[in-house]
Structures are given as C-alpha cells and as structure tokens.
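Visitor: Below is one structure. I have some questions about it.
Each reported figure results from applying straightforward, stated rules to the coordinates on display, with no laboratory input. These figures come from a predicted structure and were not determined experimentally. Here the Cβ is made from the backbone with ideal geometry for all residues, glycine too, and neighbour counts use every protein chain on show.
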Amino acid sequence: MTNICVFGGARNGTNPQYGLAATDLGKAIAVRGFTLIYGGGNDGLMGSVAQSALEHGAEVTGIIPEFLASDDVLHPGLTNTIVLDDLSQQKAKMIASTDAFIALPGGIGTLNELLEVMALGQLQQIYRPIGVLDAADYFEPWFVAFNHAVTQAFVDAADVERIVRSADPDELLDNMQLGSSGTISRHS
C-alpha cells in the first residue's frame, strides 16, 4: 500500500474551498487504497483530510510531537498514532514513512514542511513526488516567489517544475503517479 503524507493547516482558513478540498483529498486517498500519513491533529484542514480518509475506509497514521499529543489536539479515531519528542523528529518520521507528499493550504508549519521536502528533492536526498492541492489558488503567490527565485538564479527551474499542482484532488493524484502499476512508486 502506498503512503501519502499530507501537510495542511490546523485552521480552516477563510475560504470554504479549502475545507472542501481537504475532504475531497481524504476521500480520493481512501478510494485509491492509499494510507494517509499526517500530523495527527483533529482541527482545521488536517482534521478534515484525516476524518474524510477514515470515513472512506483508509488507514490513517498521525505522527505528532509529544507537546501536541493532548486529547484536545490529537484526532481520536486514527488507525495508528506515533508520538515523538519534538517537531524535528515528527518531520523526519513523516518524510521517512511516505511515498509522496501533498500540501494543502496552511500556515508556517505547512509551508515549512513543503519547503523541507522541496529542499531534500533539490539536494537529491529524496526522489518522491511532491504536490500541492491549490484550492482557490492558495499557492499562486508561492509560485510567483519561486519563479522570481528562478529568474534571479537562486533556484533551478526544474526544482519548481517538479512540483505537481492542481485544484482537483483526483487530477493531482493522477499527475503524481509514476510507473506502469498505476501507483506512486517510492525511489528512496
């Protein structure tokens, strides 16, 4: 079974499309028989993607740092919960446990996680698909900034172009798939 790591906000944001996208992504992951790996929270887009995946039959693993693993933060219905010492261990475990990465709209933590896997890909430390579910064009300003970094010769265009981007969860997963088996393959 393929493990999909989803980064997403612990808040819902202002646009209802964000929550719908998270719910639709959870369903799409489940329908394809994938396992969801995420930050373990019950709130915001994180909670929505996890709840939807669970409701549609997916296994869901939450990886959460100990200081956040309280009853009011941790999703109560997860298939598996892994509690680690801190955010660094959480991120490392999430990266090591997955075959592909998807970012939903989110704040500093989400963007930090997305940038980390992009940097690891740039440095050829991981060879796994990275996608963004661009609900309501949330990531458009980020791609403007990335393209500016390309024009200023700080980033190679290929490192931006390898990020799969769609507002539709099924299209995003289709475009992230590699190999003849129709599943996302893990290279490292």
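Visitor: Just name the residue that is nearest to I108 (Cα to Cα) out of those in region 57-82 that are of a type outside the set (A, V, I, L, M) and surrounded by 15 or more Cβ atoms within 10 Å (Cβ to Cβ).
Guide: P65
Visitor: Can you tell me which residue is surrounded by the fewest Cβ atoms within 10 Å (Cβ to Cβ) among those in region 124-153 that are more than 21 Å from I108 (Cβ to Cβ) and not polar (S, T, N, Q)?
Guide: For region 124-153, the residue satisfying everything is A153.
Visitor: A further question follows. One residue is enough: does region 4-19 have a residue meeting the conditions surrounded by fewer than 18 Cβ atoms within 10 Å (Cβ to Cβ), free of Cβ contacts under 8 Å to residues at least 40 places away in the same chain, within 17 Å of I108 (Cβ to Cβ) and charged (D, E, K, R)? Explain how you work it out, then say what you get.
Guide: Residues of region 4-19 surrounded by fewer than 18 Cβ atoms within 10 Å (Cβ to Cβ): 11-12, 14-17.
From the residues that got through so far, the ones that are free of Cβ contacts under 8 Å to residues at least 40 places away in the same chain too are 12, 14, 16.
Restricting the remaining residues to those that are within 17 Å of I108 (Cβ to Cβ) gives 12, 14.
Add one more test, that the residue is charged (D, E, K, R), and what stays is none.
No, region 4-19 contains no residue that is surrounded by fewer than 18 Cβ atoms within 10 Å (Cβ to Cβ), free of Cβ contacts under 8 Å to residues at least 40 places away in the same chain, within 17 Å of I108 (Cβ to Cβ) and charged (D, E, K, R).
Visitor: Is one or more of the residues making up region 113-126 closer than 20 Å to D43 by Cα and in contact with a strand residue (DSSP E or B) (Cβ under 6 Å, 6 or more places away or on another chain)?
Guide: Looking through region 113-126, at least one residue is closer than 20 Å to D43 by Cα and in contact with a strand residue (DSSP E or B) (Cβ under 6 Å, 6 or more places away or on another chain).
Visitor: Now, a different point. Mind telling me which of the residues G33, G40 ends up being closer than 22 Å to L173 by Cα and surrounded by fewer than 22 Cβ atoms within 10 Å (Cβ to Cβ)?
Guide: Working: G40 fails: surrounded by fewer than 22 Cβ atoms within 10 Å (Cβ to Cβ).
Being closer than 22 Å to L173 by Cα and surrounded by fewer than 22 Cβ atoms within 10 Å (Cβ to Cβ) holds for just one of G33, G40, which is G33.
Visitor: Could you tell me whether G57 is closer than 18 Å to G9 by Cα and out of contact with any Asp or Glu (no Cβ under 6 Å at 6 or more places or on another chain)?
Guide: no
Visitor: Going through region 76-98 one residue at a time, which ones are under 17 Å from the mean Cα position of the chain (by Cα), closer than 25 Å to L20 by Cβ and not aliphatic (A, V, I, L, M)?
Guide: Across region 76-98, the qualifying residue is only T98.
Visitor: Just one of (1) under 22 Å from L25 (Cβ atoms); (2) of a type outside the set (S, T, N, Q); (3) not in a strand (DSSP E or B) trips up V164, so point out which.
Guide: V164 satisfies every listed condition except (3).
Visitor: Are any residues in region 109-140 of a type outside the set (D, E), part of a loop (DSSP other than H, G, I, E, B) and at negative phi, and if so, which ones?
Guide: Within region 109-140, L123, Q125, I126, Y127, R128, P129, Y138, F139 meet the criteria.
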